[in-house]
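What follows is a short report on a single structure.
The values are calculated or read from the model by the stated rules, or taken from the named source; none is laboratory data. If you're wondering where the values come from, they're calculated on a predicted model, not measured in any experiment. Cβ placement follows ideal geometry from the backbone for every residue including glycine, while neighbour counts extend to all protein chains displayed. Just so you know, the surface numbers come from the protein's heavy atoms only, side chains and all, with ligands and any DNA or RNA stripped out. Shrake-Rupley method; radii C 1.70, N 1.55, O 1.52, S 1.80 Å.
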Amino acid sequence: MAILELYTYPHKVLTKKCEEVEIVDDEVRKFLDDMLETMYHDKGVGLAAPQVGVSKRIIVIDDKVGENGEPGPHPIYMVNPKIIKKSDDMILFNEGCLSVPGQSAEVERHRAVSVEYLDYNGKKQVLDAEEFLAVIIQHETDHLDGVLYIDRISRLKRNMIIKKLSKS
Ligand code: NI
């Protein structure tokens, strides 16, 4: 396994719509392993392929990760994830992103979602998620469409974050 290089705002790869994966083969599985290791290394709860410079519809998630990046019991690998159901009720959640280092802001998200995807073995799965896990899924699938959480907050807050980023 390997730790991959993280791409941060305003790199262009983060604004591109990613391509679907045709088949989950050993090459994709190796990439999933590397993504997960990178996510733990950088103490994230989710990571999307464009964040490591790969414009493919692949994400990894661990909503039970420890404070120092200790792996939870059930990391989730998602290839070609697609949100197929969203709750009408919304929640506000304070989000950060490894591609927007050191910053965070409250973002409005659907409280619950159902997501369809291919798992580590290429098998089709459907996951119903609520609250924190649902928020991570929405944040990471956004990445696959070239959308960052700072694109979902007010222009004022967005500009403040961008200003702070350029100074750090
Ligand atoms: Ni992110």
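For region 115-158, a residue qualifies if it is of a type in the set (A, V, I, L, M), open to solvent by less than 20 Å² (accessible area, probe 1.4 Å) and outside any helix (DSSP H, G or I), and the qualifying residues are 115, 129, 148. Checking each residue in region 88-101 for being within 25 Å of residue 58 (Cβ to Cβ) and either away from the ligand (no atom under 16 Å from the Cβ) or not acidic (Asp, Glu) (or both) picks out 93, 96, 97, 98, 99, 100, 101.
Only residues that are within 9 Å of the chain's Cα centre (by Cα) and open to solvent by 30 Å² or more (accessible area, probe 1.4 Å) were counted across region 44-69, and they come to 1. Selection over region 70-82 of residues that are open to solvent by 20 Å² or more (accessible area, probe 1.4 Å) and within 16 Å of the ligand (Cβ to nearest atom) gives a count of 1. Taking the criterion of being within 15 Å of the ligand (Cβ to nearest atom) and farther than 20 Å from residue 68 by Cα, the residues of region 12-47 that qualify are 13, 14, 15, 16, 18.
Taken over region 117-154, the criterion of being closer than 19 Å to residue 36 by Cβ and more than 13 Å from the ligand (Cβ to nearest atom) is satisfied by 117, 118, 119, 120, 121, 122, 123, 125, 127, 129, 132, 133.
The lone criterion from (1) assigned to a loop (DSSP other than H, G, I, E, B); (2) within 22 Å of residue 168 (Cα to Cα); (3) of a type in the set (Val, Ile, Thr) left unmet by residue 21 is number (2).
Quickly run through region 14-41 and pick out the residues that are among the charged types (D, E, K, R) and closer than 20 Å to residue 138 by Cα. Before you say what the answer is, go through the steps one by one.
Going through region 14-41, the residues among the charged types (D, E, K, R) turn out to be 16-17, 19-20, 22, 25-27, 29-30, 33-34, 37.
If the condition is that a residue be among the charged types (D, E, K, R) and closer than 20 Å to residue 138 by Cα, then 16, 17, 19, 20 are the ones that fit.
The condition (being more than 20 Å from residue 24 (Cα to Cα), within 16 Å of the chain's Cα centre (by Cα) and without any contact (Cβ under 8 Å) to a residue 24 or more places away in the chain) is satisfied by just one residue among 104, 114: 104.
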